[in-house]
Amino acid sequence: MSRPSPRHFIRGAVLAREEYVEQEYLFKVLRERMHASATQELLRSIRQEILATTRLPMAMEFMESSLRHTGSMADAMRNLSHYFSPFQTFLMTEAEREEGKFDYQIALQILEREAHCRAENMIPPGMFLYQFEALSRNRLPYEEGLTAIARDPVFDEDWTEWILLLQRQLGLLDFAEMIFVRSDYYVVVHGEESGKTVLFGEKEGRIALANRRKDPTYLFMAFQRQLHYPTVPRPVHEESEEMSILKLQRTVEHLQSRIKILEDELHGGVDITKYYVTDK
């Protein structure tokens, strides 16, 4: 199977800051209230709290409908690819995977913090390292995860090309070395350019050089200490009673959705075209 080319990607647009602020609030409140009510009901109630001047309430209406008919929010996010980024959809898909071990609340916390980064116009190196560490710490599939990251609208074609190169060479080449070679610090050390597009600054390159052939965890921690890059929420290893109830509740929601599909014939479904953005 041929690998995707950065020139063939169809990207969504970078949204206005207020959209990401409201997304951050949505993921935060979903996580905090998940134990109190079914997700479908939560989306309905939280929608009243979201700014009506944003497009998020319409997206939430579609997500609520998707939950009712298929038991999945990821399906709705995938159909709203002009609004939700591929990486956001990828995280929700992995969190909803019944056979997976990716904690649903951790996924919401990652999405909440990522939306905050987007609202604050996080620079591409910081955004990439946050997303990549989310894959690494939660043992999510690199193939699909890096493809989703490469399609993110915050990255230009040079970034996309490098991310896809990383996807192919991950495990063969040292991750820190790959960052160093694409940094301004490479010129400082070697006195000449590497001949490749520079993606990382001198400080990132210095930290990467100091962490070659080490556990990548040390690299992530150094970036967070030195450059104040965002930290990725840690998985909860000991399952609490509340988490057990939450997982059971999610299973019940999936079963109810499947029963509804079998009992009801859907007539037309939801018209997602009303959520599309038209060029002015």
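The values are calculated or read from the model by the stated rules, or taken from the named source; none is laboratory data. Nothing here was measured: the structure is a model prediction, and the numbers come from that model. When we count neighbours, we look across all protein chains shown, and the Cβ atoms used for this are built from the backbone with ideal geometry, even at glycine. Accessible surface is based on the protein model in full, side chains and every heavy atom, while ligands, DNA and RNA are left aside. Shrake-Rupley method; radii C 1.70, N 1.55, O 1.52, S 1.80 Å.
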> What do you reckon, is Ser45 in contact with a helix residue (DSSP H, G or I) (Cβ under 9 Å, 6 or more places away or on another chain), open to solvent by 10 Å² or more (accessible area, probe 1.4 Å) and modelled with pLDDT of 90 or more?
Replying inline: yes
> Got a sec? Which of Leu262, Leu165 is at pLDDT below 85, of a type outside the set (D, E, K, R) and surrounded by fewer than 19 Cβ atoms within 10 Å (Cβ to Cβ)?
Replying inline: Leu262
> Among (1) in a loop (DSSP other than H, G, I, E, B); (2) in contact with a helix residue (DSSP H, G or I) (Cβ under 6 Å, 6 or more places away or on another chain); (3) modelled with pLDDT of 95 or more, which single condition is Ala52 missing?
Replying inline: (2)
>> Can you pull out every residue in segment 169-184 that is assigned to a helix (DSSP H, G or I), touching a Lys or Arg at 6+ places or on another chain (Cβ under 7 Å) and open to solvent by 40 Å² or more (accessible area, probe 1.4 Å)?
In response: Glu177
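In segment 185-225, which residue that is among the polar types (S, T, N, Q) and over 21 Å from Glu114 (Cβ atoms) is most open to solvent (accessible area, probe 1.4 Å)?
Thr197
Pick from segment 129-151 the residues that are without any contact (Cβ under 8 Å) to a residue 60 or more places away in the chain and under 12 Å from the mean Cα position of the chain (by Cα): which of them is farthest from Ala13 (Cα to Cα)? Quick ask: steps written out before the conclusion?
First, the residues of segment 129-151 that are without any contact (Cβ under 8 Å) to a residue 60 or more places away in the chain: 131-132, 135, 139-146.
Now narrow it down to the ones that are under 12 Å from the mean Cα position of the chain (by Cα): 131-132, 135, 140, 144-146.
On the way: Gln131: 18, Phe132: 21, Leu135: 23, Leu140: 25, Glu144: 21, Gly145: 19, Leu146: 19 Å.
Only one residue fits best here, namely Leu140.
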> In this structure, is Pro233 modelled with pLDDT under 95 and closer than 18 Å to Leu173 by Cα?
Replying inline: no
> Restricting segment 97-116 to residues that are of a type in the set (Asp, Glu) and at pLDDT 95 or above, which is nearest to the chain's Cα centre (by Cα)?
Replying inline: Glu114
>> What's the number of the only condition in (1) farther than 25 Å from Glu120 by Cβ; (2) in contact with a His (Cβ under 6 Å, 6 or more places away or on another chain) that Gly12 fails to meet?
In response: (1)
> Assuming Thr160 fulfils every condition listed in (1) at pLDDT 95 or above; (2) over 21 Å from Ala74 (Cα atoms); (3) polar (S, T, N, Q); (4) open to solvent by 10 Å² or more (accessible area, probe 1.4 Å) apart from one, which condition is it?
Replying inline: (4)
> Say we look at segment 97-120 and pick out the residues that are without any contact (Cβ under 8 Å) to a residue 40 or more places away in the chain and open to solvent by 10 Å² or more (accessible area, probe 1.4 Å); which of these is farthest from Tyr25 (Cα to Cα)?
Replying inline: Glu99
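Checking the condition under 16 Å from the mean Cα position of the chain (by Cα), more than 15 Å from Glu112 (Cα to Cα) and open to solvent by less than 40 Å² (accessible area, probe 1.4 Å), which residue from Met92, Met60, Met73 passes?
Met73
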>> Within segment 176-198, does at least one residue satisfy the condition of being touching a residue at least 60 places away in the same chain (Cβ under 8 Å) and touching an Asp or Glu at 6+ places or on another chain (Cβ under 9 Å)?
In response: no
